[in-house]
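**Q** If you scroll down you'll find the structure; I have some questions about it.
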Amino acid sequence: MKYNYVEKAVQITRREFIGLAGVAAAALWTGAYAVTDLVEDRNKYIKMRMAGLYKDDEKQAVRQSHNNKSLMQMYGKLAGKPMSPLAEELFHTQYVNRMIS
Amino acid sequence: MNILKTFDIQDVVLKHTLPVRLFHWCLVLGFLPAGITGIVLFLRPFSSEGMHLAMQIHILGAGLLTLACICFFIFQPGRVVSFWREIFSWTKNDIDWMKVSGGYPQKILFGKEIPVPPMRKINSGQKLMGIFVFFAGIVVILTGCILYVALPLVPKEIAWYTDKIHLIVGMCLLVAVCGGHIPLGIYNWKEFICMFGDGTIKIKDIVKHNPLWIEQDIEKIK
C-alpha cells in the first residue's frame, strides 16, 4: 500500500544519548570482562587438570590397560575377553549425538 | 472524530518501518520457538533424541532473539529511544486507560464500546507490557547466555539461581506474550496485518487507537 504520511524523525536528546551509550558501554564492558574472565578460568582449570593427570601418570606402575593385571584378571574371570557379549552388555553405553549441525 | 477532518479518508501512514518489522519478525521467529521448547525442556516429555532436538531449537531461537536485539540496539538507536520515551512516560490518561482496561473487556465480553482516553503510538497496556518485556528480555538473555556458555565455570549456587530466574522470568514472558500480546494483536486485525505486512495502515483505521499520535507525531511526505 502506498503511503503519504510518516512518523516524524526522532531527535535524540543529549541525556538520552548518554543513557543509550551508557547501557551499550556497560553491556559491552560486562561482556568483554566476562569473556576474559571465562577464558582465564578455563585455562586455569585446563592447566590444573593437565598437571594432575601427569602427576597421576608418573605415580602409576602400570600405565596401559592391557598390562593391568587386575583388569585382565577381571576379564578372565568375569567377562571372558574385551568386547565379549557380556563385556558389551555390562560396560558399553548408548551413544547420543549432541552436535549442533 | 474531529482529527479526521484534517485528513483525507484514503490517507495512509507508514506506522512501522522496515527495520522495526524485521526486528518484530525476528522476535516472533526467535522467541516463540525458544519459549515453547523451553516448556518442553522443563517438562521433559520426550525421549533423549526428542529432548536433544528441543534443546537445539531452543538455542537457535535464543540466538536469533539475542542477535536481533543487539542489532536493533546498534542500528536503530532512534527507535530504541522512541520506545523508551513511550513506555516510561505516564500521564493521567494512562491511569484512566488502565482503570477501564482500554475498554477491551467491555468490548470483547459485552459488545459495548465505552469512551477511552486518547493514546499516542502505543496504549497504556502496551506500555506496561513494553516495560516488562524490556527488563525481562534482558534478564532472560543474560541468564540464558550464562547457562549456555558458562555453566561449568560459575559457582553451583549461582548456576542454580540463574536456572530458576531464567525459567520463571521466561515463563512469565511467554504467558504475557501468548496470553495477552498475541490474542489482542489478532483481535486488532488491521494492526496485525500492518505489523506483519508492509507496515502501512489507513489513518481512519487507527484514529480510535492512536489519536494523539496522528495529531502530533506524523507528517505528510513532501
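**Q** Which residues, taken from the range B:168-219, are away from every other protein chain (no Cβ under 14 Å) and aliphatic (A, V, I, L, M)?
**A** B:Ile168, B:Val169, B:Met171, B:Leu173, B:Leu174, B:Val175, B:Ala176, B:Val177, B:Ile182, B:Leu184, B:Ile186
**Q** Six or more apart or on different chains, Cβ under 6 Å: which pairs go from a residue in the range A:15-36 that's at the interface with another protein chain (Cβ under 9 Å from one of its Cβ atoms) to one that's surrounded by 12 or more Cβ atoms within 10 Å (Cβ to Cβ)? Could you list them?
**A** Pairs found: A:Glu16/B:Val81; A:Leu20/B:Pro77.
**Q** Can you tell which of A:Glu40, A:Glu58 is under 24 Å from the mean Cα position of the chain (by Cα), open to solvent by 80 Å² or more (accessible area, probe 1.4 Å) and not aromatic (Phe, Trp, Tyr)?
**A** Of the residues listed, the single one that is under 24 Å from the mean Cα position of the chain (by Cα), open to solvent by 80 Å² or more (accessible area, probe 1.4 Å) and not aromatic (Phe, Trp, Tyr) is A:Glu40.
**Q** To continue, here is another question. Only one of these conditions is not met by B:Ser101: (1) at positive phi; (2) polar (S, T, N, Q); (3) touching a residue at least 40 places away in the same chain (Cβ under 8 Å). Which number is it?
**A** So the condition that B:Ser101 fails would be (3).
**Q** Which of the residues belonging to the range B:165-182 are small (Gly, Ala, Ser), open to solvent by less than 30 Å² (accessible area, probe 1.4 Å) and over 12 Å from B:Val139 (Cα atoms)?
**A** B:Ala176, B:Gly180
**Q** To continue, here is another question. With respect to the numbered conditions (1) modelled with pLDDT of 85 or more; (2) among the aromatic types (Phe, Trp, Tyr); (3) farther than 30 Å from B:Arg85 by Cβ; (4) open to solvent by 100 Å² or more (accessible area, probe 1.4 Å), which one is the sole condition not fulfilled by A:Trp29?
**A** Result: A:Trp29 fails condition (3) only.
**Q** Moving on to the next point. Can you tell me which residue among B:Cys145, B:Cys178, B:Cys194 is out of contact with any Leu (no Cβ under 7 Å at 6 or more places or on another chain), over 22 Å from B:Ile39 (Cβ atoms) and touching a residue at least 60 places away in the same chain (Cβ under 8 Å)?
**A** B:Cys194
**Q** Hey, another quick one. Which count do you get for residues in the range A:70-101 that are open to solvent by less than 100 Å² (accessible area, probe 1.4 Å) and within 14 Å of chain B (Cβ to nearest Cβ)?
**A** So the count comes out to 3.
**Q** Quick one: count up the residues across the range B:135-159 that are modelled with pLDDT of 90 or more, of a type in the set (A, V, I, L, M) and open to solvent by less than 50 Å² (accessible area, probe 1.4 Å).
**A** 4
**Q** Exactly one condition in (1) more than 7 Å from every other protein chain (Cβ to nearest Cβ); (2) open to solvent by 100 Å² or more (accessible area, probe 1.4 Å); (3) not in a helix (DSSP H, G or I) is false for A:Ala9; which is it?
**A** Unmet condition: (2).
**Q** Follow-up. Just wondering, is there one or more residues in the range A:43-50 that are away from chain B (no Cβ under 14 Å), in a helix (DSSP H, G or I) and under 27 Å from the mean Cα position of the chain (by Cα)?
**A** Yes, there is a match, as at least one residue in the range A:43-50 is away from chain B (no Cβ under 14 Å), in a helix (DSSP H, G or I) and under 27 Å from the mean Cα position of the chain (by Cα).
**Q** Another one. Checking B:Val80 against (1) among the β-branched types (Val, Ile, Thr); (2) open to solvent by 50 Å² or more (accessible area, probe 1.4 Å); (3) without any contact (Cβ under 8 Å) to a residue 24 or more places away in the chain, which test does it fail?
**A** That leaves (2) as the condition not met.
**Q** Working only within the range B:42-75, note down all residues that are within 14 Å of another protein chain (Cβ to nearest Cβ), open to solvent by less than 50 Å² (accessible area, probe 1.4 Å) and not aromatic (Phe, Trp, Tyr).
**A** B:Gly50, B:Met51, B:His52, B:Ala54, B:Gln56, B:His58, B:Ile59, B:Gly61, B:Ala62, B:Gly63, B:Thr66, B:Cys69
**Q** Within the range B:84-93, identify whether any single residue is within 11 Å of another protein chain (Cβ to nearest Cβ) and among the charged types (D, E, K, R), and answer yes or no.
**A** yes
**Q** Tally up the residues in the range B:199-222 that are in contact (Cβ under 8 Å) with a residue 60 or more places away in the chain and either assigned to a loop (DSSP other than H, G, I, E, B) or surrounded by fewer than 16 Cβ atoms within 10 Å (Cβ to Cβ) (or both), please.
**A** 9
The values are calculated or read from the model by the stated rules, or taken from the named source; none is laboratory data. Please read all numbers here as calculations on a predicted model, not as lab measurements. Quick reminder, even Gly has a Cβ in these numbers, built from the backbone with ideal geometry, and neighbours come from all protein chains shown. All accessible areas refer to the heavy atoms of the entire protein, side chains included, with ligands and DNA or RNA removed. Shrake-Rupley method; radii C 1.70, N 1.55, O 1.52, S 1.80 Å.
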